[in-house]
Amino acid sequence: MADGTDISRRHFVQVSAAAGGLMLSFSVAGKARADGTTAPVLNAYVTIAPDNVVTLVAKNPEIGQGIKTSLPMIIAEELDVDWAQVRIQQADSKPAVYGLQFAGGSMATPMNWDQLRKVGATARALIVAAAAANWKVPASECTTASGVVYHKASKRSATYGSLAAQAATLPAPDPKSIVLKDPKAYKIIGKSKPQVDTAAIVRGKPLFGIDVVVPGMLYATFEKAPVFGAGVASADLDAALAVKGVRKAFLVGGGPELNGLLPGVAVVADSWWQARQGRNKLNIKWQDHPTAQQSSSGFAAQADALSKGAPLRTERQDGDVAAGFTGATSTVEAAYAYPFIAHAPLEPQNCTAHFHDGKMEIWAPTQYPDAGRQLVAKTLGLKPADITIHMTRCGGGFGRRLANDYMVEAAWIAKETGAPVKLLWTREDDLRHDFYRPAGWHYLKGAVAKSGKISAWHDHFVTLGTAGKPASSAGMATTEFPARFVENFKYDLSVIECGIPTGPLRAPGSNALAFVVQSFIDELAHSAGIDPVTFRLNLLGDQVFVGTAGKDGYDGHRMKGVLELVAAKSGWGKTKLGPRQGMGVAFHFSHLGYFAEVVQAHVSEAGDVTVEKVWVAADVGRQIINPTGALNQVQGAVIDGLSAALGQKISIEGGAVVERNFNTYPLLRMKSAPMVEVHWNITDNAPTGLGEPALPPVLPALCNAIFAATGKRLRSLPISKDQLKV
């Protein structure tokens, strides 16, 4: 976990294993409720009050993906209570209690599905044991429903609330004795539930990091160099201090790590506006920095030059690629490119911190709180155990809040200030100091044989990094599709030195690679005169599964299932389209989810693109926990992908970001959002997450639809209307 944003498999396994034992530990201690009464705590997740109100803990950060609702739904189902009885409490960051707490990789469901079912079922078993002891009957004769235990033979019943105190004193049952519900008996899982915070959000109640207020709190801004990593040469601190309300203005030395505390100038004031006005008076001069020599145009020129020579190294080579081109019925060569893009969550980065009694207390909208704890501890010389992190709701994350640079900035400023401090970035700060989806370039050559299948595939991928190693989220796995599905396959790699910070953005890697791979597959299909859906089905072939389950496995049968489903639902090949109207298809596997999508779009003669409708077919296993939440996630991912395709680009000039705000970095507006129709292909596989895998296919599906409408192939993003004018 070198940069605090990538979660290694080893770390995941270690922490998850530790959490498995702690998750089911039981306590006899009472827990104070808001009204001052004490309710029995059955385990780290479940508290049941005498009035039969059940409080369930949501362990993971809520960034808008609905996990604060869906994870407690799992517990409530196995606990066998009514959802109306349930209240949700957001957990603090407590890895010793809850294990790994993070929002990323669409891992919340696969990580917690089995464990949280056992949490609920174990708590239910304790309640039943208490009732059985009172009634002096075998526990096996007792049943439960809606938070009540029944003994039908004696016609006795008792609410969970009346039994909870006694249940909390009992030893935890043998995990092997725990019986989970048959999914056919589910009353909560699989039923649509509104997000637990929706009413509060609509009413404007304080839930987000930006809403935090603590007694005696001051406000801070932090100015960093436009050129990433540059230090402070000089700053007019006196001018900032002269602004009314400004309490402190000071230099922060920082260090060279782009994901840590960087050099800058902090201004602390009674209000954020006063802090901002003081910051405007600083007149900072920045030191020279090597990254100032880097630019988007420079990277593109280097990529082009590298594509003409030998690669840095060959990452994968299967079969005989040269032979695969011999005798092919059609051959295509194409160069694809995509730019840096920013996360741009609607809530800018912020954090409130208070250093007191030698300890640090933090309120943060973070996707990965414990990584933030470790960063703060290392930077400020504190013990991790002396740092408390309260997880607030995040106003979007998309991977940006896996990094915790804003957290360590707030902690440093609070320690220097000696008072609680809320650090709030501006929108401009947020766009200029992100960990961007990296730019990349692919130089492709492919061939189709008489059989209608791809006979050769060669990709020279030029990416960004350091010392020959791709930067965060800038690499491509050697198993990336269509590897293993094309007999003669070669993947070459070259790396350009880059000082621009990069990191995971929703469906990291896949959000760009799907555009390239599925667009080029479409080119090969059209060059061979084969229907794009048929061509893809032929490519998937009869291979049911390749690779190793749980590691690099790819189930071609599941992908064919969603491809066939989306073709049927969209009326592929049967829909009558008008002039400059087209349909495009694409699929992609990422984050354990199989998705295929069809886009219908119209392109005006002026080059304006209207996305009319998107069909999505998804295979995320045997269970959709919260159908409404799942639908929202898929639709949101599609809209996110369309935003990236239709207008998002971060440009680098002189080592700094050009774009400043949403006027130059547009998000898709409501009036431009298409209808998104979602279909689930339920299969007998473990349930997986879906916050990310719905995004990648929509970009190539849109570009392929534009080709179908205009005959113009788009090989770079974002889409420019100038490319499409008649």
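What number do you get for the range 371-486 when its Cα radius of gyration is normalised by 2.2 N^0.38 Å, N = residues?
Relative to the rule-of-thumb radius for its length, the range 371-486 sits at 1.64.
At a 1.4 Å probe, what is the % contribution of carbon and sulfur to the accessible area of the range 419-574?
The C+S portion of the solvent-accessible surface of the range 419-574 is 51 percent.
Give the relative contact order (percent, whole number) for the chain; include only Cα pairs under 8 Å separated by 6+ residues.
Taking the mean separation of contacting Cα pairs over the length of the chain, I get 14 percent.
For the range 106-217, which whole percent of the accessible surface, found with a 1.4 angstrom probe, sits on carbon and sulfur atoms?
On the range 106-217, the fraction of accessible area on carbon and sulfur atoms equals 58 percent.
Give or take rounding to whole Å, what are the principal axis extents of the alpha carbon atoms in the range 93-178, in descending order?
Reported extents, whole Å, longest axis first: 50, 24, 22.
Peptides 569-577, 216-224: what's the order by average Cβ count within 10 Å, highest mean first?
Packing proxy ranking, top to bottom: 216-224, 569-577.
Order 537-545, 517-525, 338-346 from most to least packed using the mean count of other Cβ atoms within 10 Å.
Sorting 537-545, 517-525, 338-346 by mean packing, highest first, produces 517-525, 338-346, 537-545.
Taking loop as defined by DSSP and a crowding limit of 11 other beta carbons within 10 Å, which trypsin sites (Lys or Arg not before Pro) in the range 305-353 fit?
Qualifying residues, ordered by number: LYS308.
May I ask you to give the percent of accessible area on the range 672-716 that is carbon plus sulfur, with a probe radius of 1.4 Å?
Here carbon and sulfur together make up 49 percent of the probe-accessible area.
For the range 573-614, which GluC sites (Glu not before Pro) pass both filters: DSSP loop (anything but H, G, I, E, B) and at most 15 other C-beta atoms within 10 Å?
Here the sparse-neighbourhood loop sites are GLU605.
Largest first and in whole Å, give the semi-axes of the chain's equivalent ellipsoid, each being the square root of 5 times a Cα gyration tensor eigenvalue.
Semi-axis lengths for the chain are 44, 37, 22 Å.
Looking at the chain, send over the antiparallel percent of its DSSP beta bridges, to the nearest 5.
75 percent
Under 1.5 on a/c is rounded, so check that first for the range 302-440, then, if it is not, pick prolate when a/b is larger than b/c and oblate when it is not; a ≥ b ≥ c are the square roots of the alpha carbon gyration tensor eigenvalues.
Since a/c reaches 1.5 and a/b is larger than b/c, the shape of the range 302-440 is classed as prolate.
With every protein chain left in place, what is the accessible area per residue of the chain in square angstrom, probe 1.4 Å?
Here the residues of the chain average 39 Å² of exposed surface.
Order 434-444, 481-491, 167-177 from most to least packed using the mean count of other Cβ atoms within 10 Å.
Highest-to-lowest ranking by the protection proxy: 434-444, 481-491, 167-177.
Taking Cα pairs under 8 Å and at least six residues apart, what relative contact order does the range 131-230 come out at, in percent?
10 percent
Kindly report, to the nearest 10 Å², the accessible surface of SER720 as traced by a 1.4 Å probe over protein heavy atoms only.
In the full protein context, SER720 sits at about 40 Å².
Which values, in whole Å and largest first, are the semi-axes of the equivalent ellipsoid of the range 512-657 obtained as the square root of 5 times each eigenvalue of the Cα gyration tensor?
So the three semi-axes of the range 512-657 are 26, 22, 18 Å.
The values are calculated or read from the model by the stated rules, or taken from the named source; none is laboratory data. Nothing here was measured: the structure is a model prediction, and the numbers come from that model. We place every Cβ from the backbone using ideal geometry, glycine too, and count neighbours over all the protein chains shown. For accessibility, only protein heavy atoms count, side chains too; no ligands or nucleic acids. Shrake-Rupley method; radii C 1.70, N 1.55, O 1.52, S 1.80 Å.
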